Amino acid sequence: MKINICILAILIVLCTFISGHAVPKGSHETKAVYQSGAASVESGYLETAEEIEDSKLQSFKDKMLRYYKDWPKPSKSNEPSPKDRPLSPKEVFLTFDDGPSPNTEKILKILNDNGVKASFFVLGSCAERYPDMVKAEYEGGMAILNHSYSHNYSMYKSLEGCTEDFNRGRDVLKSILGIEPLSFIRFPGGSDNRVSNSNTMKNIRDTLAGKGIDYVDWNVSSEDASAAKVPADKIRSSTISQLSHRNFAVILMHDAGGKTTTVEALPSIIDYLKTQGFVFRTFSDITTAEYNEMLKDKIIDRGAATK
Ligand SMILES: [Zn+2]
């Protein structure tokens, strides 16, 4: 019996020793077991499906945030001056896309001779070729806006492609003028162009809206791009027929090498607008009332208005 008690006592001591009381917690063996279990929390890995989903979402958000931090921001140097001025009875915004071009100088001369200002949606690739024309537009009091770098519709394959192209266009304008371009842009082909996938285009528009960038369409087209060479009188009559029932117009025209008839038609279109009492305005000093009118007429942020 005495021997049995002794054996029992020895067994208890042995068991206690083996079960870990005698093994310091910080030894290698203990750590190895600890790390392979609860483990992942300590080393930053997440365990539950929910946490894993949150983590993916967060890293996606971080990535997008990094990617889009370079979208053009609203300009400080071009801030509207008398923002709260009421709408004039008749207002027109002349807009010229795709320049600068060999025609820019002629367009500027016509505008200057008539004492009117216009807005130029400029391509980065053309601005690189004619930087002096961009400067002349700016110094002449015209609004300079981003119309992308390449005008290549392949940019619409993805949000990233479109962002890159517009960022590149913005960088060129910035390097020529030394300022941020205005926060209004125009999509090549317009915001409801048929060349892009509608989901991708919606994604692009929503991203822009989130960054405070307004995309500009038009409510009057000169139709100077409806054929390679549209006769000047046709450009004039198309424009005037659309103006006849409007008091607020954003007119689409083109500043491109082949568009010589646009230049020919321009003086008579300006004459007509003046005789009708239109005030010529630009995006450089757009007022709140004008902005709201454009929203209402779906000239800016058209997709957002229909969301
Ligand atoms: Zn264009």
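The values are calculated or read from the model by the stated rules, or taken from the named source; none is laboratory data. Just so it is clear, the structure is predicted and the values come from calculations on it, not from any experiment. As a convention, Cβ positions derive from the backbone with ideal geometry for all residues, glycine included, and neighbour counts pool all protein chains shown.
Could you say which residue among 100, 72 is assigned to a loop (DSSP other than H, G, I, E, B), modelled with pLDDT of 95 or more, touching a helix residue (DSSP H, G or I) at 6+ places or on another chain (Cβ under 7 Å) and closer than 25 Å to residue 187 by Cβ?
One residue alone meets the criteria, 100.
Of all residues being out of contact with any strand residue (DSSP E or B) (no Cβ under 7 Å at 6 or more places or on another chain) and farther than 15 Å from residue 265 by Cβ in segment 218-245, which is nearest to the ligand (Cβ to nearest atom)? Just the residue, please.
The selected residue is 228.
Here are 186, 168, 205: which of them is under 24 Å from residue 249 (Cβ atoms), surrounded by 15 or more Cβ atoms within 10 Å (Cβ to Cβ) and either within 16 Å of the ligand (Cβ to nearest atom) or not charged (D, E, K, R) (or both)?
Sole residue among the options that is under 24 Å from residue 249 (Cβ atoms), surrounded by 15 or more Cβ atoms within 10 Å (Cβ to Cβ) and either within 16 Å of the ligand (Cβ to nearest atom) or not charged (D, E, K, R) (or both): 186.
Among the listed residues 124, 210, 178, which satisfies the condition of being of a type in the set (Gly, Ala, Ser), over 20 Å from residue 251 (Cβ atoms) and in contact with a strand residue (DSSP E or B) (Cβ under 8 Å, 6 or more places away or on another chain)?
Answer to the check: 124.
Determine which member of the set 199, 193 is surrounded by fewer than 22 Cβ atoms within 10 Å (Cβ to Cβ), polar (S, T, N, Q), within 16 Å of the ligand (Cβ to nearest atom) and at pLDDT below 90.
After applying the criteria, what remains is 193.
Counting just the residues of segment 217-255 that are aliphatic (A, V, I, L, M) and touching a Gly at 6+ places or on another chain (Cβ under 9 Å), which one comes out surrounded by the fewest Cβ atoms within 10 Å (Cβ to Cβ)?
Only one residue tops the list, namely 228.
Name every residue in segment 105-132 that is closer than 25 Å to residue 213 by Cα and of a type outside the set (Val, Ile, Thr), in order of residue number.
117, 118, 119, 120, 121, 123, 124, 125, 126, 127, 128, 131
If you take the residues of segment 103-116 that are part of a loop (DSSP other than H, G, I, E, B) and more than 16 Å from residue 225 (Cα to Cα), which of them is nearest to the ligand (Cβ to nearest atom)?
116
For segment 172-195, enumerate the residues that are under 15 Å from residue 298 (Cα atoms) and free of Cβ contacts under 8 Å to residues at least 12 places away in the same chain.
Result: no residue meets the conditions.
Under 9 Å between Cβ atoms, which residue pairs at least 6 apart in sequence (or on different chains) link something in segment 196-221 that is part of a helix (DSSP H, G or I) with a partner that is buried (at least 20 other Cβ atoms within 10 Å of the Cβ) and among the charged types (D, E, K, R)?
Within 9 Å, the pairs are 205/301; 208/214; 208/301; 209/301.
Which one of these does residue 213 not meet: (1) more than 26 Å from residue 291 (Cα to Cα); (2) surrounded by fewer than 22 Cβ atoms within 10 Å (Cβ to Cβ)?
(1) is the only condition that residue 213 fails.
Quick one: which residue in 272, 291 is surrounded by fewer than 17 Cβ atoms within 10 Å (Cβ to Cβ) and in a helix (DSSP H, G or I)?
Being surrounded by fewer than 17 Cβ atoms within 10 Å (Cβ to Cβ) and in a helix (DSSP H, G or I) holds for just one of 272, 291, which is 272.
May I ask you to say which residue of 206, 217, 233, 224 is within 21 Å of residue 170 (Cα to Cα) and at pLDDT 95 or above?
Sole residue among the options that is within 21 Å of residue 170 (Cα to Cα) and at pLDDT 95 or above: 217.
Just the residues that are over 29 Å from residue 92 (Cα atoms), in a helix (DSSP H, G or I) and under 20 Å from the mean Cα position of the chain (by Cα), please, taken from segment 117-161.
If the condition is that a residue be over 29 Å from residue 92 (Cα atoms), in a helix (DSSP H, G or I) and under 20 Å from the mean Cα position of the chain (by Cα), then 154, 155, 156, 157, 159, 160, 161 are the ones that fit.
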